[in-house]
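Asks: Pasting a structure here, questions to come.
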Amino acid sequence: MKVKIIAVALLVLVLAAGAFVLIDRMENYDESFYTKVDNSRVKELNVRADDEMKYEYSLDCYDENGGKKELRFKTVRVLREGAYLSVQVYFMGVHSWEEVEFEALPERVREKLK
């Protein structure tokens, strides 16, 4: 009987921990961040010849309110130094990015990226 109670308690604990991790990852679900490319913060990955993503960036990004978060994402090429990016973050991390003009950035982000 004690074994069953312990097993159920462990199962509940594992499920609760899993739910906590899931909720934590959903914090940035479907959000936009903005950044400026800094090629000193890119590293070349050791990948197979047929793997497309050869570079990984780790950049300070800002949400529309100016909140800062470091995001990591992979690319197929080295990006243009000083380019401004809009980075789309979904459930499992960075989903996509696109280059944008400085004027297209939210005002609070422009203040951070001058």
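Let's see how each residue does on (1) farther than 17 Å from ASP38 by Cβ; (2) assigned to a helix (DSSP H, G or I):
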residue: LYS74; (1), (2): no, no
residue: ARG77; (1), (2): no, no
residue: VAL89; (1), (2): yes, no
residue: HIS95; (1), (2): yes, no
residue: ARG108; (1), (2): yes, yes
residue: GLU111; (1), (2): yes, yes
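Asks: Moving on. Filtering the range 65-96 down to residues that are over 11 Å from the mean Cα position of the chain (by Cα) and aliphatic (A, V, I, L, M), which residue is modelled with the lowest pLDDT? Step through it out loud before you land on a result.
Replies: Looking only at the range 65-96, we keep the residues that are over 11 Å from the mean Cα position of the chain (by Cα), and these are 65-68, 75-86.
Going one step further and asking which of them are aliphatic (A, V, I, L, M), we end up with 76, 78-79, 83, 85.
Details: VAL76: 91, VAL78: 95, LEU79: 96, ALA83: 97, LEU85: 97.
Checked the range 65-96; the qualifying residue modelled with the lowest pLDDT is VAL76.
Asks: What number of residues within the range 68-114 are farther than 21 Å from LYS54 by Cβ, open to solvent by 80 Å² or more (accessible area, probe 1.4 Å) and without any contact (Cβ under 8 Å) to a residue 12 or more places away in the chain?
Replies: 3
Asks: Let me ask something else. If GLU99 satisfies all but one of (1) part of a helix (DSSP H, G or I); (2) modelled with pLDDT of 95 or more, what's the number of the condition it fails?
Replies: (1)
Asks: A further question on this structure: Return the residues of the range 22-64 that are modelled with pLDDT under 85, surrounded by 10 or more Cβ atoms within 10 Å (Cβ to Cβ) and among the β-branched types (Val, Ile, Thr); say none if nothing qualifies.
Replies: Residue satisfying the conditions is VAL47 alone.
The values are calculated or read from the model by the stated rules, or taken from the named source; none is laboratory data. In this text, all values refer to a predicted model and were calculated from it rather than measured experimentally. Here the Cβ is made from the backbone with ideal geometry for all residues, glycine too, and neighbour counts use every protein chain on show. Ligands, DNA and RNA are stripped out before the accessible areas are found, and what is left, the full protein with its side chains, is counted by its heavy atoms. Shrake-Rupley method; radii C 1.70, N 1.55, O 1.52, S 1.80 Å.
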